[in-house]
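Read through the structure below, which is laid out as structure tokens, and then see the notes.
The values are calculated or read from the model by the stated rules, or taken from the named source; none is laboratory data. These numbers come from a predicted model, not from an experiment. Cβ placement follows ideal geometry from the backbone for every residue including glycine, while neighbour counts extend to all protein chains displayed. We work out accessible area using only protein heavy atoms, side chains counted, and drop any ligands, DNA or RNA first. Shrake-Rupley method; radii C 1.70, N 1.55, O 1.52, S 1.80 Å.
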Amino acid sequence: MPRPEKIRLGDLLITQGLLTDEQLQLALAEQKRSGRKLGRVFVESGYVTEESIAKALAKQLNAPFIDLKTFNPKPKLIKLLPEAQARRNRAIVLDEDNELLIIGFADPTDLTAYDEVTRIVRREIFLAVVMESQLMGLIDRVYTRTEEIHGLAKELTADMADVPSDFGNVLGLTAGAEDAPVVKLLNTVFEEALKTRASDIHIEPQEKNLVIRFRIDGVLHIQTEADSKIATALVLRLKLISGLDISEKRLPQDGRFNIKLRNSNVDVRISSMPTQYGESVVMRLLNQSTGILGLDRMRIPPHILERLRHNIHRPSGMVLVTGPTGSGKTTTLYAALSELNTPEKKVITVEDPVEYRLPGINQVQVHDKIDLTFDRVLRSALRQDPDIILVGEMRDQITAEIGMRASMTGHMVLSTLHTNDALTTPIRLLDMGVPRYMVALSLQLVLAQRLVRVICENCSETYLPPPHEHEWLRYELGDHVDAHVYKKGRGCSHCNNTGYLGRQGVYEFLEMTNALVESLNHGDPSQFMRLGREQMASNTLRRDAVNLVLAGRTSAEEAMRVSSQLDE
């Protein structure tokens with residue numbers, strides 16, 4: 001394909017009827033003022049869409065427009081163009097036809113980029129037009145840094161063997177710390193974790209090697225394996241930046257630190273634990289740049305959202321969100337808190353640790369080592385004249401009793417509890433030793449939740465459920481099981497070949513009606529359970545998961561996996 005000619009984008013869009021002369025003049029003035037690219041000004045001003053610009057350029061150049069949303073890349077071909085050059089020139093290798101390389105450009109009018117890519121790949125180029133937003137997303141996904149991480153781990157191993165006397169240089173304690181092997185390795189690991197949407201990083205020393213794993217959408221994936229010799233350096237560096245005691249290797253420690261990656265501020269919660277072959281470290285990543293979701297964006301079923309809103313807007317009472325670790329309880333509570341947080345309300349949170357920072361509220365982190373415990377902070381918080389109190393977790397009888405007394409004396413209390421479902425939560429509070437009357441009078445609503453993986457839209461396809469999935473669905477759907485279409489993800493580059501991309505909550509709730517309060521007060525658990533089951537009927541976690549299957553949002557296999565946790 002011949003080298004493209006220079007195109008005046010504004011004139012092209014006017015010629016094709018996508019832009020007016022007045023809009024062009026306004027955009028040119030804004031470009032001169034801000035220095036942004038003209039195409040970006042068009043899109044951000046709402047004059048024309050990014051897709052329309054790409055298709056207009058493709059039409060003018062007689063080149064194909066390729067929608068990368070449905071494109072399945074070939075990693076070996078893509079890496080013919082190194083990542084740095086792909087980002088700089090906003091180009092990516094899509095396919096090949098004999099000696100011809102098909103390369104997608106976000107800006108095919110950039111002749112400098114075209115010439116540089118041609119020089120790097122040393123092949124004849126067939127130009128295609130792609131959207132920049134899709135291109136950058138694809139680059140983030142396909143240019144994994146596994147090989148770079150593995151290479152840096154080898155470099156660190158060699159440095160530790162060569163300079164045992166200068167351990168400070170290896171750990172980045174001397175000048176030029178950013179060039180220290182362990183610093184480069186950790187920075188690369190953090191960047192890759194952020195790029196792959198990992199929620200946790202696990203660094204686990206084994207007998208013969210060190211394993212680094214990422215938890216993505218609730219499932220652990222091995223990122224790399226390295227020589228076990230570097231485990232000590234990694235753990236020491238992490239302890240240093242999180243303010244932990246580097247001399248203490250026999251006891252577990254917890255801490256936190258903040259890092260900035262790709263213009264994102266990430267809070268990292270770190271936990272170290274001594275194991276047979278060294279200290280295991282787990283880091284929870286909390287990306288503060290993504291912000292806190294509102295309740296409207298949580299995809300909570302409308303009938304549950306209506307009852308949740310009704311109860312959290314009461315002047316007093318207690319609302320509990322329950323589920324296992326990692327089920328999104330804190331995210332739900334903060335979504336509720338962001339809705340309640342107004343200038344007329346005083347809000348205090350008592351947490352361990354403070355996971356999200358929300359302007360306008362008073363957040364307190366407990367610290368057991370200095371006797372700043374949940375119950376002590378909670379007692380003090382009540383003297384601060386709050387309207388709303390968030391307690392990170394009802395850990396024990398004392399904390400639960402103080403929280404419930406607060407809810408009975410004019411405060412709205414939000415908290416979490418580790419229970420399997422909504423119905424058994426009041427019984428769990430009684431088992432903790434909380435007085436029966438206190439549970440009955442203070443508890444307003446229990447919201448139980450889990451997270452299910454969502455099918456990747458880019459590789460979603462219909463399928464016939466195998467016998468075990470079919471029978472599981474029949475339990476919920478009866479004879480209507482064959483009347484529905486079921487979907488699953490085939491696996492593609494967008495979802496790292498897992499078939500899933502992202503997660504969504506499934507919910508159930510128990511509202512403390514007069515009948516439930518009365519049965520609880522009379523100490524009749526069997527009647528309480530019967531009434532609770534009647535109230536919840538088909539509005540259970542299991543049924544909500546099935547509803548997502550019917551909507552094509554998740555697979556029967558994933559719904560079964562999550563529902564199996566309810567039977568444990």
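On inspection, Gln504 fails the criterion of being farther than 30 Å from Tyr143 by Cβ, surrounded by 15 or more Cβ atoms within 10 Å (Cβ to Cβ) and not aliphatic (A, V, I, L, M).
Inside segment 199-235, residues that are buried (at least 19 other Cβ atoms within 10 Å of the Cβ), touching a Leu at 6+ places or on another chain (Cβ under 9 Å) and part of a helix (DSSP H, G or I) make up a count of 4.
Residues in segment 124-159 that are under 30 Å from the mean Cα position of the chain (by Cα), open to solvent by 60 Å² or more (accessible area, probe 1.4 Å) and modelled with pLDDT of 85 or more: Ser133 only.
When Ile398 is tested against (1) at pLDDT 90 or above; (2) farther than 30 Å from Leu68 by Cα, exactly one condition is not met: (1). All of Asp524, Asp544 fail the test of being at pLDDT below 90 and among the acidic types (Asp, Glu), apart from Asp524.
Taken together, Ala193, Ala231 contain a single residue that is in contact with a strand residue (DSSP E or B) (Cβ under 7 Å, 6 or more places away or on another chain) and within 29 Å of Leu358 (Cβ to Cβ), which is Ala193. If you go through segment 238-251 and keep only what is buried (at least 22 other Cβ atoms within 10 Å of the Cβ) and touching a residue at least 60 places away in the same chain (Cβ under 8 Å), you end up with nothing. Of the strands (runs of 3 or more DSSP E) entirely within segment 244-358, those holding at least 1 residues that are in contact with a His (Cβ under 8 Å, 6 or more places away or on another chain) and more than 22 Å from Leu443 (Cβ to Cβ) occupy 278-287. Assessment of segment 530-542 against the conditions (under 34 Å from the mean Cα position of the chain (by Cα), closer than 15 Å to Glu558 by Cβ, open to solvent by less than 60 Å² (accessible area, probe 1.4 Å) and of a type in the set (Gly, Ala, Ser)) yields no matching residue. Of the residues making up segment 98-111, one or more are assigned to a helix (DSSP H, G or I) and at pLDDT below 90. Residue pairs whose Cβ atoms lie under 6 Å apart, separated by 6 or more positions or on different chains, with the first residue in segment 363-374 and on the phi < 0 side of the Ramachandran plot and the second of a type in the set (A, V, I, L, M, F, W, C) and surrounded by fewer than 16 Cβ atoms within 10 Å (Cβ to Cβ), are Val366/Leu372. With the structure loaded, tell me whether Lys69 is of a type in the set (Lys, Arg), in contact (Cβ under 8 Å) with a residue 60 or more places away in the chain, surrounded by fewer than 21 Cβ atoms within 10 Å (Cβ to Cβ) and part of a helix (DSSP H, G or I) or whether it fails that test. Yes. On inspection, Thr349 fails the criterion of being open to solvent by less than 50 Å² (accessible area, probe 1.4 Å) and without any contact (Cβ under 8 Å) to a residue 40 or more places away in the chain. Pairing each residue of segment 297-326 that is open to solvent by less than 80 Å² (accessible area, probe 1.4 Å) with any residue that is of a type in the set (Asp, Glu) and outside any helix (DSSP H, G or I), provided the two are 6+ apart or on different chains, yields C-beta distances under 7 Å for Arg307/Glu511. Please determine whether any residue of segment 305-322 is at pLDDT 90 or above and over 23 Å from Gly403 (Cβ atoms). For segment 305-322, residues at pLDDT 90 or above and over 23 Å from Gly403 (Cβ atoms): present. Selection of segment 363-380 for residues being out of contact with any helix residue (DSSP H, G or I) (no Cβ under 8 Å at 6 or more places or on another chain) and open to solvent by less than 70 Å² (accessible area, probe 1.4 Å) yields Gln363, Leu372, Thr373, Val377, Ser380. Just so you know, in segment 433-453 the residues that are open to solvent by 10 Å² or more (accessible area, probe 1.4 Å) and under 24 Å from the mean Cα position of the chain (by Cα) include one that is farthest from Ser564 (Cα to Cα), and it is Arg453. Here are the criteria: (1) more than 30 Å from Pro73 (Cβ to Cβ); (2) among the charged types (D, E, K, R); (3) open to solvent by 60 Å² or more (accessible area, probe 1.4 Å); (4) touching a strand residue (DSSP E or B) at 6+ places or on another chain (Cβ under 6 Å). Tell me which single one Glu471 does not satisfy. Among (1) more than 30 Å from Pro73 (Cβ to Cβ); (2) among the charged types (D, E, K, R); (3) open to solvent by 60 Å² or more (accessible area, probe 1.4 Å); (4) touching a strand residue (DSSP E or B) at 6+ places or on another chain (Cβ under 6 Å), the lone unmet condition for Glu471 is (4). When segment 399-422 is filtered for residues that are more than 25 Å from Glu508 (Cα to Cα) and open to solvent by 10 Å² or more (accessible area, probe 1.4 Å), the ones remaining, listed by number, are Ile402, Arg405, Thr409, Gly410. Taken across segment 86-96, residues that are open to solvent by less than 20 Å² (accessible area, probe 1.4 Å), among the polar types (S, T, N, Q) and out of contact with any Cys (no Cβ under 9 Å at 6 or more places or on another chain) do occur, with at least one present. Residues that are in a helix (DSSP H, G or I), in contact with a helix residue (DSSP H, G or I) (Cβ under 7 Å, 6 or more places away or on another chain) and either open to solvent by less than 80 Å² (accessible area, probe 1.4 Å) or without any contact (Cβ under 8 Å) to a residue 60 or more places away in the chain (or both) occur at least once in segment 389-398.
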